Structure formats: structure tokens, C-alpha cells
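K.L.:
One structure coming up, written as C-alpha cells, with questions to follow.
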Amino acid sequence: MRALRCLSCAIVLLLSFSLQAQGQPQDSSRALKKVTFSYSAVSLSWLPVKVAAEKGFFREEGLEPQLVQMRGNVVTTALGSQNIDFSVNISPVLNGAIQGLGLKLVAVLSTRPLFSLVVRPEIKTTADLKGKVFAVNAFGNSQAILTEKHLQYLGLAKEDYKLIAMGGTAARIAAMEKNLAQGSLMPAPANVFLESQGYRLLGNTAEVVANPIGGLGTHEDKIRRQPDVIKGAIRAALKGLRFVQSRREETMKVIMNWVRVSERDAGRVYDLSKVGYSKNGFVSDEELSIEWEFVRRETKRINIPVSVARDFTLLAEVRRELGFK
């Protein structure tokens with residue numbers, strides 16, 4: 001249970017952090033506008049937002065970010081009623097868009113899943129995966145779909161493995177520790193925690209399939225009425241994204257302080273995650289297809305195109321201003 005206890009401690013620390021940048025000078029002559037960002041779960045998929053707050057990029061735009069944790073369905077409702085300004089998770093935005101609530105993705109920060117296939121120590125090669133049991137969050141959800149895509153990428157057929165639904169990250173770790181499951185797709189930093197406990201990583205899912213997870217979503221009314229606020233948030237997030245992409249050592253320090261890991265583990269987390277981040281905040285409809293197809297099946301709204309869920313007009317302006325290609 002050591003790995004589970006370590007991960008639980010890290011999650012508690014993650015949940016306690018404040019997004020407000022520490023040690024950043026504030027221009028007292030300029031009032032900051034508070035903007036609310038929701039997150040469904042702690043995830044490095046929105047590390048660029050954390051970096052943007054730490055480095056004062058939001059303050060440069062006259063914004064003071066406030067982070068609130070909400071369940072995905074609550075996020076959808078809160079965004080739809082405009083009680084919050086942004087979601088850093090893509091899924092609640094897509095859910096609201098397909099329901100006609102006027103929600104739009106305005107930027108994407110992670111275009112690929114920040115997962116690794118983690119397996120028990122006795123599994124040495126992909127050949128050892130045949131006949132094994134893999135723990136998923138829930139049958140049919142994105143994590144389960146990605147698990148199957150990862151296993152099939154490694155050469156397994158559907159009949160070569162079994163899935164069991166175990167719930168969240170901590171529950172899946174417990175299932176592996178008890179040998180109820182021999183593997184599971186794990187996010188960062190859980191994958192690195194487990195690797196340090198002797199578990200093995202068999203591939204990075206970001207190298208297997210595109211599936212955007214983190215970004216910025218808001219209401220279309222805010223895009224029309226407050227374009228400067230939306231552009232400011234996008235600009236800050238893209239500055240954070242550029243920082244993550246280009247400044248490994250400094251980003252590692254943010255990770256170390258954020259999730260309380262060693263310098264070695266922070267480097268491992270960074271190296272595993274970097275490939276999953278967007279190059280410029282943009283995502284194609286094809287890259288959104290896995291999550292969109294899941295949302296369409298869940299809502300039984302099969303004929304609605306993914307284009308209703310995005311508006312990258314302001315993103316294009318910010319990209320030009322910042323020199324992103």
C-alpha cells in the first residue's frame with residue numbers, strides 16, 4: 001500500500017494549492033479582474049495554466065485567476081449559466097456544447113493523453129501482457145477507450161486481455177497492488193510514483209493516439225461581450241504553454257513545488273508529459289473525435305458535428321500576436 005499512500009499524500013497537497021502567483025509584484029494602480037477557472041480533477045494536463053499563474057502571466061493581462069474544483073456535470077451547468085468563466089477540462093465543455101448550452105473551446109493546452117501503461121513488476125515485455133487483466137475507470141469512458149487503443153497498439157487483440165472497472169486512480173492502484181489487475185493506464189504523476197515503487201511503464205499513450213484533455217472553454221456570450229478578457233486568458237495560457245515547452249529546468253521546479261516530488265521524479269514527469277502538450281493551442285476536429293464520439297453516444301445526439309464545440313477565432317489572433325505558428 002506504500003504507493004497508494006504516497007499518491008494520496010500528493011493528491012492532498014495538489015488540492016490545497018492556490019493558483020494565485022506567489023511573489024509576483026502587483027501594480028496597485030491597476031485593478032485585477034477576477035476570473036474563475038474550474039477543474040474536474042487535479043491533472044498535469046493544465047500545467048501551462050499553473051505555470052502562467054506562477055510566473056505572473058495572468059497578472060500581465062490584468063487578470064486574477066481563481067481555481068475551483070467541480071465535478072464535470074457541475075462544470076457544464078456552471079459554464080452554461082455563466083457562473084464561472086472558464087473550464088480547464090475539455091470534456092465538460094463538449095458536453096455543454098452538444099446540449100446546446102453555448103459552450104465553446106477557445107484553446108487547447110494538451111492534445112494528447114498524459115498517460116502511461118503501468119504494469120506489475122513481473123511483467124517484463126509486451127508478450128507478457130497476453131491474458132492479463134487491466135483496470136479501467138469505467139467501461140466505455142475515455143480512459144477505457146484509450147486503454148484498449150494502447151493495448152492494441154502494442155499488438156494485442158481484444159480476446160487477449162480483460163478489462164475490469166475499478167474507479168479512480170487510487171482504486172486502480174489498489175487493484176494492482178492486490179493483483180486483481182496486472183496493469184492500468186495511469187496519469188502523471190501517478191505513473192512516476194508507481195515506477196519508483198518497482199512497477200514498469202510499457203509505453204506513453206501520448207505517442208499512441210491524440211485525445212485532448214486540457215484547454216480553455218467558456219460561454220459564447222463571453223466571447224462576444226468580453227473578447228479582451230478571453231484573449232487575455234488565452235494569451236496567458238499560451239505564454240505558460242511556451243514556457244513549459246521551452247524551459248525544462250524551470251518547469252521542473254514548478255512541478256516539484258506543486259506535487260512535492262524529487263528533482264529526479266519531476267524530470268521524469270516532465271519528459272513523459274511534454275509530448276502531450278499542444279504546440280500552439282490549436283486542435284483539429286479529428287483530434288477531438290474520440291472524446292466527441294463518446295459524448296455523442298452518451299447524449300444520443302449522433303448527428304451533431306464537433307465544429308459546434310469550438311471557436312478558435314480569438315486564439316488565431318493571439319497566436320499571431322505571440323508569434324505562434
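What follows is calculated from the coordinates using simple rules that are stated; it is not laboratory data. Note that the structure is predicted; figures quoted are calculated from it, not measured. Here Cβ is always computed from backbone atoms with ideal geometry, including for glycine, and neighbour counts include all displayed protein chains.
K.L.:
Can you give the Rg and Dmax of the chain based on its C-alpha atoms, in angstrom?
P.N.:
Considering the chain through its Cα atoms, Rg and Dmax are 19.5, 65 Å.
K.L.:
Next question, about the same structure. Can you give me the relative contact order of the chain as a percent, contacts being Cα pairs under 8 Å and 6 or more apart?
P.N.:
27 percent
K.L.:
What is the local net charge at LEU315, summed over the other residues whose Cβ is closer than 12 Å to its Cβ (Lys, Arg +1; Asp, Glu -1)?
P.N.:
Summing Lys/Arg as +1 and Asp/Glu as -1 gives +3.
K.L.:
Quick one: what are the phi-derived ³J(HN,Hα) couplings along the stretch 189-200, Karplus 6.51/-1.76/1.60 with θ = phi - 60°, whole Hz, x for glycine and proline?
P.N.:
Result, rounded to whole Hz: x, 4, 4, 6, 4, 5, 4, 5, 8, x, 6, 10.
K.L.:
Please list the non-local residues whose amide H lies under 5 Å from the amide H of LEU109, H modeled 1.01 Å from N, same-chain partners needing a gap of 5 or more.
P.N.:
Correct list: GLY214, GLY215, LEU216.
K.L.:
How charged is the neighbourhood of LYS162? Take every other residue with its Cβ under 13 Å from the Cβ of LYS162, and add Lys/Arg as +1 and Asp/Glu as -1.
P.N.:
Value of the local net charge: 0.
K.L.:
Sort the stretch 236-325 into rounded, prolate or oblate with this rule: let a ≥ b ≥ c be the square roots of the eigenvalues of the Cα gyration tensor; rounded if a/c is under 1.5, and if a/c is not under 1.5, prolate when a/b is larger than b/c, oblate otherwise.
P.N.:
Oblate is the answer for the stretch 236-325, as a/c is 1.5 or above yet b/c matches or exceeds a/b.
K.L.:
Can I ask one more? Using per-residue counts of other Cβ atoms within 10 Å, averaged over each peptide, order 230-239, 274-283 from highest down.
P.N.:
In descending order of packing, they fall as 230-239, 274-283.
K.L.:
Mind checking the angle between helix 248-259 and the chain's longest principal axis? C-alpha axes, 0 to 90 degrees, to the nearest 10.
P.N.:
80 degrees
K.L.:
If you rank ILE84, ILE223 by fewest surrounding Cβ atoms within 10 Å, what's the result?
P.N.:
Lowest to highest Cβ neighbour count: ILE223, ILE84.
K.L.:
Tell me, what does the Kirkwood hydrodynamic radius of the stretch 45-132 come to in angstroms if you use every pair of distinct C-alpha atoms?
P.N.:
About 16.0 Å, per the Kirkwood formula over Cα pairs.
K.L.:
Counting only residues 5 or more places away or on other chains, whose amide H sits under 5 Å from the amide H of ILE164 once H atoms are built in the peptide plane?
P.N.:
Long-range HN contacts for ILE164: PHE134, ALA135, VAL136.
K.L.:
Now for a different question. Rounded if a/c is under 1.5, else prolate if a/b is larger than b/c, else oblate: which is the stretch 258-309, with a ≥ b ≥ c the root eigenvalues of its Cα gyration tensor?
P.N.:
Prolate shape, in that a/c is at least 1.5 and a/b is the bigger ratio.
K.L.:
Then there's this: Counting Lys +1, Arg +1, Asp -1, Glu -1, what net charge surrounds GLU220 among other residues with beta carbon under 14 Å of its beta carbon?
P.N.:
That sum, taken over residues with Cβ under 14 Å, equals +2.
K.L.:
If I take all pairs of Cα atoms in the stretch 155-267, what percentage of them are more than 22 Å from each other?
P.N.:
55 percent
K.L.:
Which stretch or stretches of the stretch 80-104 have amide N atoms under 17 Å from the point lying 7 Å from ARG301's Cα along the Cα→Cβ direction?
P.N.:
What the label zone holds, given the 17 Å backbone N cut-off, is 80-82, 90-104.
K.L.:
Along the stretch 127-136, what does the Karplus equation 6.51 cos²θ - 1.76 cosθ + 1.60 (θ = phi - 60°) give for ³J(HN,Hα), rounded to whole Hz, x for Gly and Pro?
P.N.:
Karplus values, whole Hz, x for Gly and Pro: 5, 6, 6, 5, x, 8, 9, 10, 7, 10.
K.L.:
Roughly what angle does helix 313-322 make with the longest principal axis of the chain, taking Cα atoms, 0 to 90 degrees, to the nearest 10?
P.N.:
The angle comes out near 80 degrees.
K.L.:
Let me ask something else. With runs of 4+ DSSP H residues as the only contributors, calculate the mean residue ellipticity of the chain at 222 nm using -39,500 (n - 2.57) per run, divided by the residue total and rounded to the nearest 500.
P.N.:
-13000 deg cm²/dmol
K.L.:
Residue by residue, what Karplus-based ³J(HN,Hα) values in Hz, rounded to whole numbers, does the stretch 107-119 have, using 6.51, -1.76 and 1.60 with θ = phi - 60° and x for Gly and Pro?
P.N.:
6, 10, 9, 10, 8, 9, x, 8, 10, 10, 7, 9, 10
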